[in-house]
Amino acid sequence: MPALSHVANAAVSGVLTGTVYGLMALGLSAIFGVIRLVNFAHGELMTLAMYVAVVAFQGLALDPFVTMIGAAAVFGALGYALQRGFINRFVGRPEHSQMLLMIALAMILGNALLLGFGPDARNVPTSYQLDSFELGPMLLDKARVYAAGAAVIATSLLAAFFRLTLTGKAIRACADNPIGARVAGLPVAHLYAVTFGLGAASVAVAGCAMVPLIDVTPGLGPGYTLLAFVIVILGGLGSMVGALLGGVVIGVSEALAGVLITPSAKSMVSFGLLVLILLARPQGLMGAARR
Amino acid sequence: MGSVTRRQFGVAAAGTLALSALPRPLRAEAAKLKVGLLLPRSGLQALIGQSCQKGADVAPELLRQRLGVDVELMNADTESNVDTARSRAERLIEQGAHVLVGAFDSGHTSAIAQVAEQRGVPFIVNIAAAPQITEQGYKFVFRNFPPAPEIGRNGLVLLGDIFREAKVEPKTAVFMHVNDTFGQSMAKGVAALLPKVSLPFKLLDTIPYDPAAKDLTVEVSKAKATNAELLLLVCRLNDAIVLRREMVKQRWSPMGVVSPGSPGLYEEQFSKGLGKYADYCITNTVWFNPKNEITHAFAAAFKKRFPKDEFAFHAINASYTFDALLIAADACKRAKTTDRKALADAIRQTNIPATDRVTFGGPIKFNAKGQVEGDASMVIQNLKGKPTVVLPKEYSEGKLVFPMPKVG
């Protein structure tokens, strides 16, 4: 049996990583919850954001946590334009049409990244990349702590937007009742585009937060898309708190499985947990139960 | 005008008949030896595949000068994918490759070997360590690279040499390895050999991990928790970087990070990506022979073609790929033909002296299974950002540092 400090260290590390995962999944949850569009290009958008952070670091010596502010704004605008100008035409079309569109977008993005950056792994060697905070017997990776902090701030801002602003409330109204929203005169197409923009912005923040932790390659996208889906389903479709909680559950379960069983069992345990939770709560941890 | 006698006519006719019956290359125009080269130039193993390719790119000119054989490379990218490797091999054969060379990855190599055997095309393995590649009874598959158990055995024996040279003996060790075909072969080899080789440490745990994992926090944490004095590591390149970085973050400083024979620690990207933290990591592995004249010629040609590359970073990949092409060209020279079956027969009779190969070992001679025996390993330590031979002493380029300085 490993030492308690070792288990605690792994658990805390899992919480920190899971928080960033949660932010990544948040964008997907918001997009699906409002627009009812499954964004299969989610992971590729995150990979693109990571490359933006790499380029900004290599070209302008900008720390990823500084880049994320600009990246969020740019991705938000691009996401708005993409949804308003293109994806919106597919809202209301059969699901397989939407699915193929987003998968095609994912493949175009992934291959464009491969063409543009090549297959070699890229890294952002920040000054704190290999440093750790020491808390008694525990060592907390500095980059991971900063990433989790950024994820918490971004999530809080997003939550505040949806709860406290008129636009946020209007978006929630669209999510609850799109027909009613149209009848009430809400600009639904604009609100959908804002939602996609916010989703893209949050994935940009998540990408910039992840880049000091892992090396970037063009092929990261599909893995992150799958992970985001798992977290969204686990946390409950359309629930922001659920997405964050789902991310933490995945992060912690992987970490503890690795320490208590074997590292090879990480994915097996986290996916097994997903199945168990869905059996007990099909709507996810924080999703609304179906009537 | 003089007349032609019946005797003269008969001799001329016999000569013409004899010439037309002989294979093409004996005629005035020399045929090119088409070598289908299969390497992972993109995907997970791209960096290593590209390193092998550089060794191949230098080979044709050097082989023409030394053997008088004209080699034409037909390059194919396996994309670090086994299905792609198989289909590219078939395509190269359709396109007329006389011999195949490749493919670095054991899984890909096994797939290509099946195709080569079915199609009767000689396949010279440059680098691939899974023992089963030359245990299938194939007649057209040849390998000048030691199988994983042999690398592991040589690597473990050299551990004893390290401890004797440094006059320090770790009491405990933890073994981490990639969980792919190569890693599992090496793991089985180490598990079987460790009790037979007299080493002073006790193995506390064996931790497999996914070579594609982006985060090895849990794995390194588990290894650190054993409090082992030595880390034995079988790795690839990208995971080696992730793992070493994680060791620094977790302030884990064992006496040494030693690979009993795997890629990763001696690669350029490892040193460039980690800077000072790459130093003092050790790999006991096959290497080039720094004393052979052909090695100097190859290194000079490599430097001329790739002036920005440090040859030492491409030592294994480029050298073994070159030697595979050397074997092909040597066979072609002796067979005097590019006929695939004749080439395979000639390869079986290969006997290249130890002094005439770039890689370190005995003569290149294939046994009945198509395997060269007796390739030896050296102790390679990263010193000042460069992989350096430290043992055996008669070949050393630098002084062994063990235990390694602590980090953090």
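Each row is one residue, and each column tells you yes or no for (1) surrounded by fewer than 24 Cβ atoms within 10 Å (Cβ to Cβ); (2) in contact with a helix residue (DSSP H, G or I) (Cβ under 7 Å, 6 or more places away or on another chain).
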residue: A:Ala8; (1), (2): yes, no
residue: A:Ile31; (1), (2): no, yes
residue: A:Val34; (1), (2): no, yes
residue: A:Thr47; (1), (2): no, yes
residue: A:Ile69; (1), (2): yes, no
residue: A:Asn88; (1), (2): yes, yes
residue: A:Arg93; (1), (2): yes, no
residue: A:Met99; (1), (2): yes, no
residue: A:Leu115; (1), (2): yes, no
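Against the numbered list (1) of a type in the set (S, T, N, Q); (2) farther than 17 Å from B:Gln184 by Cα; (3) out of contact with any strand residue (DSSP E or B) (no Cβ under 9 Å at 6 or more places or on another chain), B:Asn126 comes up short only at (3). Please verify whether segment B:160-174 includes one or more residues that are in a strand (DSSP E or B), surrounded by 23 or more Cβ atoms within 10 Å (Cβ to Cβ), more than 22 Å from the chain's Cα centre (by Cα) and modelled with pLDDT of 95 or more. Checked segment B:160-174: at least one residue is in a strand (DSSP E or B), surrounded by 23 or more Cβ atoms within 10 Å (Cβ to Cβ), more than 22 Å from the chain's Cα centre (by Cα) and modelled with pLDDT of 95 or more.
Looking across segment A:96-127 at every residue that is closer than 18 Å to A:Phe196 by Cβ and touching a residue at least 12 places away in the same chain (Cβ under 8 Å), the one that is farthest from the other protein chains (Cβ to nearest Cβ) is identified as A:Gln98. Annotation for segment B:100-112: no member residue is surrounded by fewer than 21 Cβ atoms within 10 Å (Cβ to Cβ) and touching a strand residue (DSSP E or B) at 6+ places or on another chain (Cβ under 8 Å). Inclusion of B:Ala278 among residues that are at pLDDT 95 or above, away from chain A (no Cβ under 13 Å) and surrounded by 23 or more Cβ atoms within 10 Å (Cβ to Cβ) is not warranted. A single entry from B:Gly264, B:Gly273, B:Gly256 fulfils the requirement of being out of contact with any Phe, Trp or Tyr (no Cβ under 8 Å at 6 or more places or on another chain) and either crowded, with 23+ Cβ neighbours inside 10 Å or not polar (S, T, N, Q) (or both): B:Gly273.
Kindly indicate whether any position in segment B:183-199 is more than 18 Å from A:Ser267 (Cβ to Cβ), over 28 Å from the mean Cα position of the chain (by Cα) and not small (Gly, Ala, Ser). Checking segment B:183-199: not a single residue is more than 18 Å from A:Ser267 (Cβ to Cβ), over 28 Å from the mean Cα position of the chain (by Cα) and not small (Gly, Ala, Ser). Could you please let me know if A:Ser264 is closer than 30 Å to A:Leu4 by Cα, within 14 Å of chain B (Cβ to nearest Cβ) and in contact with a Pro (Cβ under 7 Å, 6 or more places away or on another chain)? Yes.
When each of A:Leu158, A:Leu256 is tested for being more than 14 Å from the chain's Cα centre (by Cα) and assigned to a helix (DSSP H, G or I), the lone residue that passes is A:Leu256. The criterion of being surrounded by fewer than 24 Cβ atoms within 10 Å (Cβ to Cβ) and within 16 Å of the chain's Cα centre (by Cα) holds for B:Ala130. Scanning segment B:361-372 for residues that are over 16 Å from B:Leu325 (Cα atoms), out of contact with any helix residue (DSSP H, G or I) (no Cβ under 6 Å at 6 or more places or on another chain) and touching a residue at least 24 places away in the same chain (Cβ under 8 Å) yields one hit, B:Gly361. With respect to the conditions (1) part of a helix (DSSP H, G or I); (2) farther than 27 Å from B:Cys235 by Cα, B:Ala97 lacks only one, and its number is (1). In segment B:243-275, of all residues being over 18 Å from B:Phe313 (Cα atoms) and of a type in the set (S, T, N, Q), the one that is nearest to the other protein chains (Cβ to nearest Cβ) corresponds to B:Gln250. Within segment B:167-186, is even one residue away from chain A (no Cβ under 14 Å) and free of Cβ contacts under 8 Å to residues at least 40 places away in the same chain? Yes, because at least one residue in segment B:167-186 is away from chain A (no Cβ under 14 Å) and free of Cβ contacts under 8 Å to residues at least 40 places away in the same chain. Yes or no: A:Val203 more than 24 Å from B:Leu243 (Cα to Cα), modelled with pLDDT of 90 or more, β-branched (Val, Ile, Thr) and crowded, with 23+ Cβ neighbours inside 10 Å? It is true that A:Val203 is more than 24 Å from B:Leu243 (Cα to Cα), modelled with pLDDT of 90 or more, β-branched (Val, Ile, Thr) and crowded, with 23+ Cβ neighbours inside 10 Å. Out of B:Arg41, B:Arg66, one residue alone is surrounded by fewer than 18 Cβ atoms within 10 Å (Cβ to Cβ) and either outside any helix (DSSP H, G or I) or modelled with pLDDT of 95 or more (or both). It is B:Arg66.
Taking each residue of segment A:68-91 that is over 16 Å from A:Ala206 (Cα atoms) and looking for partners that are among the small types (Gly, Ala, Ser) and surrounded by fewer than 16 Cβ atoms within 10 Å (Cβ to Cβ) with beta-carbon atoms closer than 9 Å, six or more apart or interchain, yields A:Gln83/A:Ala189; A:Arg84/A:Ala189; A:Asn88/A:Ala189; A:Phe90/A:Ser97; A:Val91/A:Ala189.
Taken together, B:Ala213, B:Ala223, B:Ala240 contain a single residue that is buried (at least 24 other Cβ atoms within 10 Å of the Cβ), within 11 Å of chain A (Cβ to nearest Cβ) and either assigned to a helix (DSSP H, G or I) or touching a helix residue (DSSP H, G or I) at 6+ places or on another chain (Cβ under 9 Å) (or both), which is B:Ala223.
Here are A:Phe75, A:Phe32: which of them is in a helix (DSSP H, G or I), modelled with pLDDT under 85, closer than 23 Å to A:Thr155 by Cβ and under 18 Å from the mean Cα position of the chain (by Cα)? Just one listed residue meets the conditions, A:Phe32. All told, B:Ala148 meets the bar of being in contact with a helix residue (DSSP H, G or I) (Cβ under 9 Å, 6 or more places away or on another chain), among the small types (Gly, Ala, Ser) and surrounded by 24 or more Cβ atoms within 10 Å (Cβ to Cβ). The residues on offer are B:Gln95, B:Gln50, and the sole one that is without any contact (Cβ under 8 Å) to a residue 40 or more places away in the chain, surrounded by fewer than 24 Cβ atoms within 10 Å (Cβ to Cβ) and not hydrophobic (A, V, I, L, M, F, W, C) is B:Gln50.
Taking the criterion of being surrounded by fewer than 24 Cβ atoms within 10 Å (Cβ to Cβ) and in a loop (DSSP other than H, G, I, E, B), the residues of segment A:214-235 that qualify are A:Ile214, A:Asp215. If you filter segment A:128-152 down to residues that are assigned to a loop (DSSP other than H, G, I, E, B) and within 8 Å of another protein chain (Cβ to nearest Cβ), you find that the one that is surrounded by the most Cβ atoms within 10 Å (Cβ to Cβ) is A:Leu130.
The values are calculated or read from the model by the stated rules, or taken from the named source; none is laboratory data. Remember, it's a predicted structure, so these values are computed and weren't measured experimentally. Counting neighbours? That spans all protein chains shown, and the Cβs are built from the backbone with ideal geometry, glycine included.
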